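The values are calculated or read from the model by the stated rules, or taken from the named source; none is laboratory data. Fair warning: this is a prediction, and the values are worked out from it, not measured in the lab. Quick reminder, even Gly has a Cβ in these numbers, built from the backbone with ideal geometry, and neighbours come from all protein chains shown.
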């Protein structure tokens, strides 16, 4: 296992905020991909996890790394769809 793979594996154990604001861009990128997948899996707009994620996007969508910023926007879109599932239909 390479150092990069170890870093990514260890980072998955961190809280969302630490992962999304990590100094390594690959960790931030993976965190946004994981967050988008999680939001896509949430069917109930009243799910308590959605309240926890809302405040994270202010910093993530302003990431200085363009690929990470793109994944953050994908995660935000997935979050908005999950938070307003009736509106998405």
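A few notes on this one:
- Whenever a residue of segment 16-30 is within 14 Å of residue 62 (Cα to Cα), its partners that are in a loop (DSSP other than H, G, I, E, B), lying with C-beta atoms within less than 6 angstrom and at least six residues away or across chains, give the pairs 25/65; 28/22.
Here is a yes/no grid of residues against (1) closer than 14 Å to residue 75 by Cα; (2) at pLDDT 95 or above; (3) loosely packed, with under 12 Cβ neighbours inside 10 Å; (4) within 12 Å of the chain's Cα centre (by Cα):
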| residue | (1), (2), (3), (4) |
| --- | --- |
| 2 | no, no, yes, no |
| 11 | no, yes, no, no |
| 15 | no, yes, yes, yes |
| 30 | yes, yes, no, yes |
| 35 | yes, yes, no, yes |
| 39 | yes, no, no, yes |
| 42 | yes, no, no, no |
| 55 | yes, no, yes, yes |
| 58 | yes, no, yes, yes |
